[in-house]
Amino acid sequence: MNFEYNDKSRQLLDQVTAFMDEHIFPIEMEIYDFHHDPANLWVPAPQIEVLKEKAKAAGLWNLFLPVEYGEYSAGLTNLEYAPVAEQMGRVMWAAEVFNCSAPDTGNMEVLARYGNDEQKKQWLEPLLAGEIRSSYLMTEPQVASSDATNVETSIVRDGDEYVINGRKWWSSCVFDPRNKIYILMGKTNPEAGRHEQQSQVLIPAGTPGVEIVRPLRVLNDLHSPHGHAELRLTDVRVPASNLVLGEGRGFEIAQGRLGPGRIHHCMRLIGGAQRSLDIMCKRVNDRVAFGKKLSDQSSIRQEIAKSRCEIEQSRLLTLWTADRLDREGNKAAKDALAMAKITVPRMCQEVTDRAMQAHGGMGVCQDTPIPDFFSYARVVRLADGPDEVHMSQLGKLTIQQTLGG
């Protein structure tokens, strides 16, 4: 089992690293301050669009897409993309510069895999070009949405239209003024089999009947300019041609979308954890307490050693998972995906917690990116399925595999 990066990955990694060193790290704090200024609520920092054009011109664009898609895709495998995504994860907003940020990546994969020619022309192409942004509307406040079959939002055929009614929340990117399209999951036939009741439909932003109820804070942060919203949909009408793939195919689409998204989160979280450890090492080497460098303290060295072990373990697990996704597909690699999804966010949370502790009061304020990495890791333990669901499914599968063997 060899996970040495191939020449393609190494070249792109060098290019992305150089790009970030030149363009992203120097303005990291400037972007943070802009997005946390109340006067700029829901306003994207103008530097981001400038950097997107630079990245596109450099060929560092849509690197996440695992298959060739015209002039827009680098055609990387998941395994080839992993080290590049990890590097992007070292700055919270960097992935957007390369058009590799959620929820757009998952939505582009949905449209690329399941959309018809008209849907691809109208929505996928501008997403691939980085001209617009998008949202994915699945989670609902009144049901346990960790089981996607629970969604209650109704999608009812009425002549040449579908009429949509329901509530959604944790709808990311709704507040971004560049957002032009929502992909919604709801039920077209509650009487069908459990996994054939759901469908997915495209709703253009600004469609009458779509009401933003409120923004949702993430650990008390609004995540401006993209944000997360609670929505109410009342008699929302869209053309029947906006249905994706067909009635009853919604659960199938969701499973196809979430697999790559989970592994992408893991890749970026490893980058955040690694950068937190790097910052921690510099801090303890420079800081003196009680007449002694922190780096000379045995307890600090142990924390650093544990962190390095955990990062390397998570990196190998993620590379193994990416390789299996490439060779076997989402369904066959679901055990590996579950292991990565359970392990990597917890690892990042542990590593960033140690890094914050080593910084003292500085560790929990805006002077380092470490608190943002901690928050990201904590959220991913719920996003795309909570830990408990993945552990339950992995445990069940492990028992079946053991007894079957």
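Nothing in this text is a laboratory measurement; each read-out follows from the coordinates by a stated rule. As the structure is a computational prediction, the values presented were derived from the model and not from experiment. Cβ sites come from the backbone with ideal geometry, for glycine too, and all protein chains shown count toward neighbours.
Things worth noting here:
- GluC sites (Glu not before Pro) restricted to the stretch 58-124 and DSSP loop, no more than 13 other C-beta within 10 Å: Glu68
- Rounded to the nearest 20, the size of the Cβ-charge dipole of the chain about its Cα centre is 920 debye, with Lys and Arg at +1 and Asp and Glu at -1.
- For the stretch 133-246, alpha-carbon Rg over 2.2 N^0.38 Å: 1.03
- Top positive-direction residue, dipole computed over the chain with Cβ charges, set Ala144, Gly75, Ala94: Ala144
- Stokes-Einstein D for the stretch 191-321, Kirkwood Rh over Cα pairs, 4 °C, 1.567 mPa s (µm²/s): 65 µm²/s
- For Val351, Val174, the sequence from fewest to most other C-beta atoms within 10 Å is Val174, Val351.
- Furthest towards positive pole of dipole, Leu13, Leu51, Phe64, structure part the stretch 1-64, Cβ charges: Phe64
- Note on the stretch 133-246: with charges restricted to the Cβ of Lys and Arg (+1) and Asp and Glu (-1), its dipole about the Cα centre is near 320 debye.
- Spatial offset of the stretch 5-56 relative to the stretch 267-291 amounts to 21 Å, using the alpha carbon center of each.
- With at most 15 neighbouring Cβ atoms within 10 Å, loop chymotrypsin sites (Phe, Trp or Tyr not before Pro) (DSSP) excluded, longest segment of the chain: 43-289
- Distance-filtered residues of the stretch 244-263 - backbone nitrogen under 14 Å, label point 7 angstrom along Gln122 Cα→Cβ: 244-245
- In this calculation the C-beta distance from Glu30 to Cys309 is compared with R0 = 41 Å, giving a FRET efficiency of 0.75.
- Sum of -39500 (n - 2.57) over DSSP H runs of 4+, divided by residues of the chain (222 nm, nearest 500): -15000 deg cm²/dmol
- Taking the number of Cβ atoms within 10 Å of each Cβ as an exposure proxy, the fewest-first ranking of Glu22, Glu252 is Glu22, Glu252.
- In the stretch 342-405, the C-alpha radius of gyration followed by the widest Cα-Cα span (Dmax) gives 16.3, 53 angstrom.
- Counting neighbouring Cβ atoms within 10 Å and putting the fewest first, the residues Arg283, Arg257, Arg113 line up as Arg113, Arg283, Arg257.
- Taking only alpha carbon atoms, the chain gives an Rg to Rh ratio of 0.97, where Rh is the Kirkwood radius.
- Coil-residue trypsin sites (Lys or Arg not before Pro) of the stretch 131-228, DSSP, other Cβ within 10 Å capped at 12: Arg194, Arg217
- Shape category assigned to the stretch 7-128 from the gyration tensor of Cα positions, a/c cut at 1.5: oblate
- In a simple Cβ point-charge model (Lys, Arg +1; Asp, Glu -1; nothing else charged), the stretch 1-85 has a dipole of about 220 debye relative to its Cα centre.
- Options Asn285, Gly256, Ser392, ranked by Cα towards positive dipole end of the stretch 251-404, top entry (Cβ charges): Asn285
- Near the amide H of Gly209, within less than 5 Å, lie no amide hydrogens of residues on another chain or at least 5 residues away, with H placed in the peptide plane.
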